[in-house]
1. Go through the residues of segment 28-39 one by one and say whether even a single one is more than 30 Å from Gly117 (Cβ to Cβ), polar (S, T, N, Q) and in a strand (DSSP E or B).
2. Testing Val235 on (1) within 17 Å of Gly102 (Cβ to Cβ); (2) surrounded by fewer than 20 Cβ atoms within 10 Å (Cβ to Cβ); (3) at pLDDT 95 or above, one condition comes back false. Which one is that?
3. What about Ser114, is it closer than 30 Å to Glu261 by Cα, small (Gly, Ala, Ser) and surrounded by fewer than 18 Cβ atoms within 10 Å (Cβ to Cβ)?
4. Within segment 267-297, can you find the residues that are over 11 Å from Leu91 (Cα atoms), at pLDDT 65 or above and either among the hydroxyl-bearing types (Ser, Thr, Tyr) or part of a helix (DSSP H, G or I) (or both)?
5. Kindly indicate the residue of segment 158-208 that is part of a loop (DSSP other than H, G, I, E, B) and touching a Leu at 6+ places or on another chain (Cβ under 7 Å) and also farthest from Met224 (Cα to Cα) among those meeting that condition.
6. Can you tell which of Ala68, Ala55, Ala76 is at pLDDT 85 or above, small (Gly, Ala, Ser), under 18 Å from Thr11 (Cα atoms) and not in a strand (DSSP E or B)?
7. What's the number of the only condition in (1) in contact (Cβ under 8 Å) with a residue 12 or more places away in the chain; (2) aromatic (Phe, Trp, Tyr); (3) surrounded by fewer than 15 Cβ atoms within 10 Å (Cβ to Cβ) that Phe149 fails to meet?
8. Determine whether Val123 is surrounded by 14 or more Cβ atoms within 10 Å (Cβ to Cβ), free of Cβ contacts under 8 Å to residues at least 60 places away in the same chain and among the β-branched types (Val, Ile, Thr).
Amino acid sequence: MDTRYLKSLITVVECGSIAHAARIEGLTAAAISQRILALERQLGFELLSRVGHAAKPSQACLGLLPRARRIVREVALLAGDADGAGLTGQLRIGAISTVLTGLMPEALRALTVSAPGLTPVIVPGTSRSLYQALLSGEVDAAILVAPPFELPKALQAVSLRKEPLVFLSKEKSSISIPAQLMSQPYIRYDPDAWGGRYAEQYLADQGLKPTPMVDLDALETIAMLVTGGMGVSLVPYWSGFEQWGHQCAVSQIGNDRYDREIALISPAQTDRPNMISALCAALSTTTPHRSESFFDSP
């Protein structure tokens, strides 16, 4: 059995469609379909049910997925077995959107220098979805907002960065932050997002209940709306925000209890310990533990 076919099956299940899986793997949809059909012939049962453009796994497929993932994972580790330093092969890294545009580019450059045989595979997602992917073994490490609960002993975390909560507005004003929050349209960082709870805590501590114009778990989009004069917001000063800093007014809240913490989380027992260490080192050399650049913001 060709393990590449198993990998294609896993990709289809994770994406929900053959066309999407084809784009990810750089193949045609017809090629992916042929791989699935070949597996079905070998195994003797249906793996996917196709409804319109969607592809749903059969119960039999769901039953074999855990072993299929383990097989694909073990094959991916073969190249690293011949490397005594343990820095050859793929490393699947989950990352939230602000990490992808902020911390990740410099870290990847550092990683290519320190571990040229390592091939990063970047998996985007929200903090919650990446945490679940980590638990299920779909990623080897994840860079996300520190969870609002204690980690299980099977996982370990390294704090990378603390991002202060700031108030964003189109222009500087002599009016207090609480007054602006209550008088202007409020663009709310989604309170259900792990990072959104800090803004909610600030509002609760101040006794404020602004009516949100919209809830968003997309900090770049929030910044775009504020710079466009659509309203005001409370957000963490994330890595990469500097590109927006000259387009809007940034006011510090001045209390580190509202800091959003970004952490690298990985299994405590991993078959890629040196790769995780190399990733951690690359992130640490490019990341100040706490952003202070907002003090110079307009």
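1. So far as segment 28-39 goes, no, none of its residues is more than 30 Å from Gly117 (Cβ to Cβ), polar (S, T, N, Q) and in a strand (DSSP E or B).
2. (2)
3. So Ser114 fits the description; yes.
4. Taking segment 267-297 and keeping what is over 11 Å from Leu91 (Cα atoms), we get 267-270, 277, 280-297.
With at pLDDT 65 or above added as a condition, the list becomes 267-270, 277, 280-286.
Those that are over 11 Å from Leu91 (Cα atoms), at pLDDT 65 or above and either among the hydroxyl-bearing types (Ser, Thr, Tyr) or part of a helix (DSSP H, G or I) (or both): Thr270, Ser277, Cys280, Ala281, Ala282, Leu283, Ser284, Thr285, Thr286.
5. Leu208
6. Going through Ala68, Ala55, Ala76 in turn, just one is at pLDDT 85 or above, small (Gly, Ala, Ser), under 18 Å from Thr11 (Cα atoms) and not in a strand (DSSP E or B): Ala68.
7. With (1) in contact (Cβ under 8 Å) with a residue 12 or more places away in the chain; (2) aromatic (Phe, Trp, Tyr); (3) surrounded by fewer than 15 Cβ atoms within 10 Å (Cβ to Cβ) applied to Phe149, the lone miss is (1).
8. Here the answer is yes, as Val123 does meet what is asked.
The values are calculated or read from the model by the stated rules, or taken from the named source; none is laboratory data. Only a predicted model underlies this, so the values are computations on that prediction, with no experimental measurement involved. Reconstructed Cβ throughout: ideal geometry from the backbone, glycine too, with neighbour counts over all protein chains shown.
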